[in-house]
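The values are calculated or read from the model by the stated rules, or taken from the named source; none is laboratory data. No experiment lies behind these values; they were computed from the predicted model shown. Reconstructed Cβ throughout: ideal geometry from the backbone, glycine too, with neighbour counts over all protein chains shown.
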Amino acid sequence: MSNTDLLLSAEALPAGFRFACVTAGLKPSGKPDFALAIADQPISAAALYTANRVQAAPLIVDRKHIERSGSKIQVVAINSGNANCSTGEAGLRAAEQVCAAAAQTFGCHDYQVFPSSTGIIGVPLPAEKLVAAMPNAASEAAATPKAFSSFARGILTTDTKPKVATATVQIDGRSIRIAGACKGAGMIGPQLVPHATMLGYIFTDAAIDPTALDNYLRAAVDKTFNCISIDGDMSTNDTVLLLASGASGVSVLADNPGFQIALEAVCLSLARQIVHDGEGITHVIELQIKGAPTRADALTVAKTIATSPLVKTAWAGNDPNWGRLMAAIGYSGVAIDPSRINIWFGRNEICRDGGRSPLYDEARAHAYLQQREFSVRIDLGLGSGSCTFFTTDLTHEYIHINADYST
């Protein structure tokens, strides 16, 4: 079962990892801003990154290190308060400088270090501050729930709370543990492909080879992190990393349904926590799209609706203006037949056969939309393609937060 309580029990934490978080001085607030996860040795790793063509320096370094190491990583080094993006060659050197210091501190090669950054774009990363903080991080690193909690808090930027999830799965009568931490509250419209930022780090003590691990991660991300949006803005730093320590002694081969289900449960919990912590939001919406020609078409419709300012502001005002949904579906680019579209707000039928439903009750629909969480179900009536997608409204508070973000 997934567990989103930050105060994890020792039994919930995967073996083979130590965690730390210290203050390096990147955040003006003085809050902890440098988090590390350290494995006992180089272990299997799989990572997916943003599809944004402008990519932060650490992502460029990560791809190179994953390839050179044969997908074997020992140290994850994450700084918050600075995205290290659009910083040119200096940014790449800064990321590599942090990796070199971590390698020396923890006894591995620099290409077995996986750096990440989150914060303001276009500001040079003062790597010397992270290097100076490395010895303190090493001394604090521990394989405890408290250390994991500190790790989860240290990666935050505009988040109001940390986000963690765990799962335990039995394979061949033995327990495998999965734990994840992520950050994200704004600039959330991820499209993670092999092809305020969303960062996710997932740890398991299963023994899994890198190829199988990569397949597990892709399948999980497709149904979870790639099915959320707060503002539709795709970050330059989006990353999800999955590490398998093997410390449980339990080997997981490819296509193990138990492990896949547990991994997806952790990823879905983390993804939903991101949406619930969206900047300035007052509503969380579950979009259920069915009857599309393909799943890809269903996702296109969902993303179009989820990023429509008119739809999102209607939700903010509890306004059952279903015509805005129809308009968004129509310009999504998906081939549709308007006369086949049916829409429900929860159990309230709003639209039938492309027009106002005879059962439509505006007052009841308005009351339903006043809930913090509600569902919008849309049947396009064309095929078997479907998806579930989570998004938010758009409020004055979101504008206030992002208008003042860098100042």
Worksheet item: Is it the case that ALA90 is in a helix (DSSP H, G or I), at pLDDT 95 or above and loosely packed, with under 15 Cβ neighbours inside 10 Å?
Response: yes
Worksheet item: Does GLN55 satisfy the condition of being in contact with a Ser or Thr (Cβ under 9 Å, 6 or more places away or on another chain), more than 27 Å from PHE148 (Cβ to Cβ) and buried (at least 19 other Cβ atoms within 10 Å of the Cβ)?
Response: yes
Worksheet item: Conditions: (1) touching an Asp or Glu at 6+ places or on another chain (Cβ under 6 Å); (2) surrounded by fewer than 21 Cβ atoms within 10 Å (Cβ to Cβ). LYS183 meets all but one. Number of the miss?
Response: (2)
Practice prompt. Report the residue count in the stretch 52-73 for those that are touching an Asp or Glu at 6+ places or on another chain (Cβ under 8 Å) and at pLDDT below 95.
Written response: 1
Fill in: Top-ranked residue in the stretch 235-292 [being polar (S, T, N, Q) and surrounded by fewer than 19 Cβ atoms within 10 Å (Cβ to Cβ); ranked as farthest from ASP222 (Cα to Cα)]
THR282
Worksheet item: Any chance the stretch 376-397 includes a residue that's surrounded by fewer than 21 Cβ atoms within 10 Å (Cβ to Cβ) and aromatic (Phe, Trp, Tyr)?
Response: no
Item to complete: Might you check whether a residue that is more than 19 Å from ASP159 (Cβ to Cβ), of a type outside the set (Val, Ile, Thr) and modelled with pLDDT under 90 occurs anywhere in the stretch 192-205?
Response: yes
Practice prompt. Using the structure shown, decide if HIS400 is surrounded by 14 or more Cβ atoms within 10 Å (Cβ to Cβ), assigned to a helix (DSSP H, G or I) and not polar (S, T, N, Q).
Written response: no
Worksheet item: How many residues, within the stretch 248-292, are part of a helix (DSSP H, G or I) and closer than 30 Å to ILE336 by Cα?
Response: 4
Fill in: Residues being surrounded by 14 or more Cβ atoms within 10 Å (Cβ to Cβ) and among the basic types (Lys, Arg) - total across the stretch 338-355
1
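In the stretch 354-389, which residues are under 27 Å from CYS227 (Cα atoms) and either at pLDDT below 95 or among the acidic types (Asp, Glu) (or both)? Quick ask: steps written out before the conclusion?
Keep residues of the stretch 354-389 that are under 27 Å from CYS227 (Cα atoms), which gives 354, 365-389.
Within the stretch 354-389, GLU373, ASP379 qualify.
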Worksheet item: Quick one: would you say SER149 is under 22 Å from VAL240 (Cα atoms), in contact with a Pro (Cβ under 9 Å, 6 or more places away or on another chain) and in a helix (DSSP H, G or I)?
Response: yes
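Looking at the structure I just gave you, is ALA212 in the same structural domain as ILE78 (by TED's automatic domain parsing), over 25 Å from ILE121 (Cβ atoms) and in contact with a Gly (Cβ under 6 Å, 6 or more places away or on another chain)?
No, not satisfied.
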